[in-house]
Amino acid sequence: MNDHAALVALNDDYIRSVQDGDVRRFDEILADDFLCSLPDGSLIDRARFLEGTAKRVQISNLQAHDVNVRLMGDVAIIHGRTTFNAADGRAATGRYTDVWARRGGRWLAVAAHVTRL
């Protein structure tokens, strides 16, 4: 599998893991120094991200659209748009930017930024 295809598959895993609350999969694909900027402006580390993932998922029908994978050697930036149903059932949208780095021959997520529109 080439790098672009691998990153598209990892992006799909990431989105699916958010929707399913899959802590095990995130434990495999997040770098030890992973950081995430949340829609409320807070910055959380890997441990807090995994703790949040383990809680009951508040959204449903999460889907990624307009995914753009940009490869720059051993770093990749993925931009995307999301649609989902909020906890109250209303339709909602957002955007995300994930940064991936090739470390030890594997792609790992090192940073994420999430916005809700």
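The values are calculated or read from the model by the stated rules, or taken from the named source; none is laboratory data. In this text the structure is predicted, and so the values were computed from the model without any measurement. Backbone-built Cβ (ideal geometry, glycine too); neighbour counts: all protein chains shown. The protein model used for the area step is the full one, side chains on, heavy atoms only, and it has no ligands, DNA or RNA in it. Shrake-Rupley method; radii C 1.70, N 1.55, O 1.52, S 1.80 Å.
Residues in region 24-59 that are outside any loop (DSSP other than H, G, I, E, B), in contact with a helix residue (DSSP H, G or I) (Cβ under 7 Å, 6 or more places away or on another chain) and open to solvent by 40 Å² or more (accessible area, probe 1.4 Å): Arg25, Asp27, Asp32, Ala54. For Arg70, the criteria (1) touching a His at 6+ places or on another chain (Cβ under 9 Å); (2) closer than 24 Å to Ala92 by Cβ; (3) not aliphatic (A, V, I, L, M) hold in every case but one, which is (2).
Within region 13-24, no residue that is under 11 Å from Gln63 (Cα atoms) and among the aliphatic types (A, V, I, L, M) sits with its Cβ atom under 9 Å from a residue that is part of a helix (DSSP H, G or I) and open to solvent by 40 Å² or more (accessible area, probe 1.4 Å) at 6+ positions apart or across chains. Would you be able to say whether some residue in region 67-88 is open to solvent by less than 50 Å² (accessible area, probe 1.4 Å) and at pLDDT below 95? Checked against the condition, which is being open to solvent by less than 50 Å² (accessible area, probe 1.4 Å) and at pLDDT below 95, region 67-88 yields at least one hit.
The selection criterion, being under 27 Å from Arg103 (Cβ atoms) and among the hydroxyl-bearing types (Ser, Thr, Tyr), holds for Thr53. In contact (Cβ under 8 Å) with a residue 24 or more places away in the chain, acidic (Asp, Glu) and either open to solvent by 30 Å² or more (accessible area, probe 1.4 Å) or over 26 Å from Met1 (Cβ atoms) (or both) - does that describe any residue in region 91-98? No, every residue in region 91-98 fails to be in contact (Cβ under 8 Å) with a residue 24 or more places away in the chain, acidic (Asp, Glu) and either open to solvent by 30 Å² or more (accessible area, probe 1.4 Å) or over 26 Å from Met1 (Cβ atoms) (or both).
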